[in-house]
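The next block holds one structure in the form of structure tokens; read it before the comments.
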Amino acid sequence: MSNTKCQILYVDDHEDNSAMLQLVLSESDYEVKPAHTMQQALQKAANDNFDLYVVDKRLPDGSGLQLVQQLKELTPGVPSIVYTGDAHKVHREQALAAGADAFVLKPDIDGLIEAVHKFLSQRECAASVVTFVK
């Protein structure tokens with residue numbers, strides 16, 4: 001029973017980032033659902049089946065790292081990518097220690113797309129996905 005499209009929950013308080021990611025990843029037949037707060041993200045994760053989480057580190061109602069930990073508890077086995085502008089090595093280490101499966105610096109959209117493809121290629125939904133060509 002495979003999903004028609006791979007489902008990605010993208011958590012970022014900047015709506016323009018969400019719209020951009022939805023546009024770019026829709027070319028690869030991924031469905032991106034936005035959330036702008038931790039609370040929205042947790043509600044969506046509890047009510048839907050996502051194949052991947054992409055989370056900004058800074059959210060208006062808490063830390064994206066806290067959210068990654070909560071998402072891991074709520075939905076074990078669903079990978080998460082922290083996508084943030086915080087560029088220091090310590091930020092990467094903190095994200096991975098919180099349970100993130102990958103860390104990508106904004107605005108590296110190519111790096112994010114590559115990480116998304118890497119994780120979703122291992123998911124059941126990947127059978128229906130068209131490969132993104134640069």
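The values are calculated or read from the model by the stated rules, or taken from the named source; none is laboratory data. Everything numeric in this text was worked out from a predicted model, so none of it was measured. Counting neighbours? That spans all protein chains shown, and the Cβs are built from the backbone with ideal geometry, glycine included. The accessibility values were calculated without ligands, DNA or RNA, using every heavy atom of the protein model including side chains. Shrake-Rupley method; radii C 1.70, N 1.55, O 1.52, S 1.80 Å.
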For region 20-57 the number of residues that are over 22 Å from G99 (Cβ atoms), open to solvent by 50 Å² or more (accessible area, probe 1.4 Å) and in contact with a Phe, Trp or Tyr (Cβ under 9 Å, 6 or more places away or on another chain) is 2
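Just a yes or no: is a residue in region 118-132 of a type in the set (A, V, I, L, M), over 16 Å from C6 (Cα atoms) and surrounded by 18 or more Cβ atoms within 10 Å (Cβ to Cβ)?
First, pick out the residues of region 118-132 that are of a type in the set (A, V, I, L, M): 120, 126-127, 129-130.
Going one step further and asking which of them are over 16 Å from C6 (Cα atoms), we end up with none.
Among the residues of region 118-132, not one is of a type in the set (A, V, I, L, M), over 16 Å from C6 (Cα atoms) and surrounded by 18 or more Cβ atoms within 10 Å (Cβ to Cβ), which makes the answer no.
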Pairing a residue in region 97-114 that is in a loop (DSSP other than H, G, I, E, B) with any residue that is open to solvent by 20 Å² or more (accessible area, probe 1.4 Å), where Cβ atoms lie under 6 Å and the two sit 6 or more apart in sequence or on different chains, gives A98/L65; A98/Q69; G99/Q69; G99/K72; K106/G85
In region 1-19, anything part of a helix (DSSP H, G or I) and surrounded by fewer than 16 Cβ atoms within 10 Å (Cβ to Cβ) is listed as E15, D16, A19
Among (1) in contact with a Ser or Thr (Cβ under 9 Å, 6 or more places away or on another chain); (2) open to solvent by less than 70 Å² (accessible area, probe 1.4 Å); (3) without any contact (Cβ under 8 Å) to a residue 60 or more places away in the chain, T75 falls short only on (1)
In the set V24, V11, the lone residue that is without any contact (Cβ under 8 Å) to a residue 60 or more places away in the chain, among the β-branched types (V, I, T) and more than 14 Å from R123 (Cβ to Cβ) is V11
Cβ pairs under 7 Å, 6+ apart or interchain, first in region 38-58 and assigned to a helix (DSSP H, G or I), second surrounded by fewer than 24 Cβ atoms within 10 Å (Cβ to Cβ) and acidic (D, E), ordered by first then second residue, are M38/D61; Q39/D61
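Quick one: count up the residues across region 108-134 that are at pLDDT below 90 and either under 16 Å from D12 (Cβ atoms) or of a type in the set (V, I, T) (or both).
Within region 108-134, the first condition is being at pLDDT below 90, and the residues that meet it are 121-134.
Remaining after also requiring either under 16 Å from D12 (Cβ atoms) or of a type in the set (V, I, T) (or both): 129-131, 133.
Here the count works out to 4.
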Selection over region 78-96 where residues are assigned to a helix (DSSP H, G or I) and open to solvent by 50 Å² or more (accessible area, probe 1.4 Å) yields a count of 6
> If we scan region 61-68, do we find a residue that is β-branched (V, I, T), surrounded by 14 or more Cβ atoms within 10 Å (Cβ to Cβ) and in contact with a helix residue (DSSP H, G or I) (Cβ under 6 Å, 6 or more places away or on another chain)?
Replying inline: no
